[in-house]
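Q: Have a look at this one.
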Amino acid sequence: MTTAPPTSRDLGPPSVYSFRREDLAERLSAEGLPGYRATQLFTWLYQRHEHDPAAMTDLPSALRRQIADLVQLSLPPVAEMHESPDRSTQKFVIQFADGARVECVAMRTERRVTLCLSSQVGCALKCSFCATGLMGLKRTLRPEEIVAQVLVMGEYLGWQDDRYNIVFMGMGEPLANYGPVMSAIHILHDPRGLNIGARRITVSTSGLVPQMRSLAGEGLPLGLALSLHATTDELRNVLVPVNRRWPLAELLPAAREYGERTGRRVTLEYTLIGGVNDRDEDADRLSDVARQMPSKINLIPYNPVPGLDYQ
């Protein structure tokens, strides 16, 4: 059973992180303020990483006093944080106002930082090998709750590197929360915001074909990661049950279309599950699939999940 997140009526003014810049300009204009104040506010929040209105010195003093009545500038708290021994990876558990929690992960290599975001609390797709699938879907995330994950992790890392990669590969099915995910992407992509290039943002999906086609038409060269995990309908129906709705004969052409329309290689995510999908014939079929489209293959070792028999 899903529950709705609390509304702004419950929590006071809406979060500033829910607004695209043009929408924030409209909100400020409705209060009799010039729209360009939205650009100034975006610059302070996303480029100077300042969340205290009193420090926003190019805003009029009256607006600095008023801004908290118009929008909320606070970020959700970190309920837990777990760090790898070499400090290259941090997993954050963020808690929202209604008590819902999601995980997001920061991973650093020598070349760049990758931030892995959640799009839902839990997941409804029930992939049989997935820990999140055991939760069921609690609710979807709003745009500000997605944007906040980036800001929380960036604050922790001290904004040491502006070459962030964003991957929607955390909790939930991103394309099942299409509108809020796209709003968050536009906010993160805004040149007066974090200015994260579209080619550094990847959206994963278990295979929601209509939304894949919508994403291809957005006009942004976003990366697409397809959670494939099996090369026959018989096995994929078990591992990724949404395959029963959009089987491989529909899914693979949509993935090829995405790659051709965006000029991006589709990443074929393939989790290796011992004795299930890791035979020679599976490898042969996977290579055949990869040749059908602009693609690359990401082989993922399976991490056993308590309560599941897969290895």
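The values are calculated or read from the model by the stated rules, or taken from the named source; none is laboratory data. For clarity, every value in this text was computed on a predicted model and none was experimentally measured. Every residue, glycine among them, receives a Cβ derived from its backbone with ideal geometry; neighbour counts consider all protein chains shown. To get the accessible areas, we keep the full protein, side chains included, count just its heavy atoms, and leave off ligands, DNA and RNA. Shrake-Rupley method; radii C 1.70, N 1.55, O 1.52, S 1.80 Å.
Q: Determine which single condition Lys138 fails, assuming it passes every other condition in (1) more than 20 Å from Gln160 (Cβ to Cβ); (2) open to solvent by 30 Å² or more (accessible area, probe 1.4 Å); (3) touching a Lys or Arg at 6+ places or on another chain (Cβ under 8 Å).
A: For Lys138, the failing item is (3).
Q: Related question: Answer yes or no as to whether Glu80 is in contact with a Lys or Arg (Cβ under 7 Å, 6 or more places away or on another chain), on the phi < 0 side of the Ramachandran plot and not small (Gly, Ala, Ser). Quick ask: steps written out before the conclusion?
A: Numbers: in contact with a Lys or Arg (Cβ under 7 Å, 6 or more places away or on another chain): no; on the phi < 0 side of the Ramachandran plot: yes; not small (Gly, Ala, Ser): yes.
Considered against the rule, which asks whether it is in contact with a Lys or Arg (Cβ under 7 Å, 6 or more places away or on another chain), on the phi < 0 side of the Ramachandran plot and not small (Gly, Ala, Ser), Glu80 comes out as no.
Q: Please work out if Asp284 is under 16 Å from Asp233 (Cα atoms), open to solvent by 30 Å² or more (accessible area, probe 1.4 Å), in a loop (DSSP other than H, G, I, E, B) and not aromatic (Phe, Trp, Tyr).
A: Values: under 16 Å from Asp233 (Cα atoms): yes; open to solvent by 30 Å² or more (accessible area, probe 1.4 Å): yes; in a loop (DSSP other than H, G, I, E, B): no; not aromatic (Phe, Trp, Tyr): yes.
Considered against the rule, which asks whether it is under 16 Å from Asp233 (Cα atoms), open to solvent by 30 Å² or more (accessible area, probe 1.4 Å), in a loop (DSSP other than H, G, I, E, B) and not aromatic (Phe, Trp, Tyr), Asp284 comes out as no.
Q: Picking from Arg101, Arg65, which residue would you name as being at pLDDT 95 or above and more than 26 Å from Gln160 (Cα to Cα)?
A: Exactly one residue qualifies, and that residue is Arg101.
Q: Let me ask something additional. One residue is enough: does region 42-59 have a residue meeting the conditions in contact (Cβ under 8 Å) with a residue 24 or more places away in the chain and exposed (fewer than 12 other Cβ atoms within 10 Å of the Cβ)?
A: Scanning region 42-59 turns up no residue that is in contact (Cβ under 8 Å) with a residue 24 or more places away in the chain and exposed (fewer than 12 other Cβ atoms within 10 Å of the Cβ).
Q: Can Leu220 be described as of a type in the set (A, V, I, L, M) and open to solvent by 20 Å² or more (accessible area, probe 1.4 Å)? Steps first, please.
A: Details: of a type in the set (A, V, I, L, M): yes; open to solvent by 20 Å² or more (accessible area, probe 1.4 Å): yes.
So Leu220 fits the description; yes.
Q: Restricting attention to region 183-225, which residues are hydrophobic (A, V, I, L, M, F, W, C) and farther than 18 Å from Tyr46 by Cα? Before the answer, list the steps.
A: Going residue by residue through region 183-225, those that are hydrophobic (A, V, I, L, M, F, W, C) are 184-185, 187-188, 194, 196, 198, 201, 203, 208-209, 212, 215-216, 220, 222, 224-225.
Passing the criteria: Val203, Leu208, Val209, Met212, Leu215, Ala216, Leu220, Leu222, Leu224, Ala225.
Q: How many residues are farther than 12 Å from Glu269 by Cβ and either without any contact (Cβ under 8 Å) to a residue 40 or more places away in the chain or not in a loop (DSSP other than H, G, I, E, B) (or both) if we restrict to region 291-305?
A: 5
Q: A further question follows. Go through region 137-182 and count every residue that is in contact with a Phe, Trp or Tyr (Cβ under 7 Å, 6 or more places away or on another chain), farther than 23 Å from Gly217 by Cα and of a type in the set (Val, Ile, Thr).
A: 1
Q: Can you tell me which residue is farthest from Ser295 (Cα to Cα) among those in region 238-272 that are out of contact with any Lys or Arg (no Cβ under 8 Å at 6 or more places or on another chain), open to solvent by less than 20 Å² (accessible area, probe 1.4 Å) and of a type in the set (Ser, Thr, Tyr)?
A: Thr271
Q: Looking at region 82-114, which of its residues are hydrophobic (A, V, I, L, M, F, W, C), open to solvent by 50 Å² or more (accessible area, probe 1.4 Å) and within 19 Å of the chain's Cα centre (by Cα)? Let's see the steps before the verdict.
A: Start the filter on region 82-114 by keeping residues that are hydrophobic (A, V, I, L, M, F, W, C), which leaves 92-94, 96-97, 100, 102, 104-107, 113.
Filter again for open to solvent by 50 Å² or more (accessible area, probe 1.4 Å), leaving 97, 107.
The one that is hydrophobic (A, V, I, L, M, F, W, C), open to solvent by 50 Å² or more (accessible area, probe 1.4 Å) and within 19 Å of the chain's Cα centre (by Cα): Met107.
Q: A further question follows. Working only within region 264-294, note down all residues that are within 21 Å of the chain's Cα centre (by Cα) and over 13 Å from His229 (Cβ atoms). Show your work before the answer.
A: Keep residues of region 264-294 that are within 21 Å of the chain's Cα centre (by Cα), which gives 264-271.
Correct list: Arg264, Arg265, Val266.
Q: For region 167-189, what are the residues that are part of a helix (DSSP H, G or I), under 20 Å from Lys138 (Cα atoms) and open to solvent by 20 Å² or more (accessible area, probe 1.4 Å)?
A: Once the filter is applied, which keeps residues that are part of a helix (DSSP H, G or I), under 20 Å from Lys138 (Cα atoms) and open to solvent by 20 Å² or more (accessible area, probe 1.4 Å), region 167-189 yields Ala176, Tyr178, Gly179, Pro180.
Q: Take Val203 and tell me if it is at pLDDT 95 or above, more than 17 Å from the chain's Cα centre (by Cα) and surrounded by 17 or more Cβ atoms within 10 Å (Cβ to Cβ).
A: Values: at pLDDT 95 or above: yes; more than 17 Å from the chain's Cα centre (by Cα): no; surrounded by 17 or more Cβ atoms within 10 Å (Cβ to Cβ): yes.
Here the answer is no, as Val203 does not meet what is asked.
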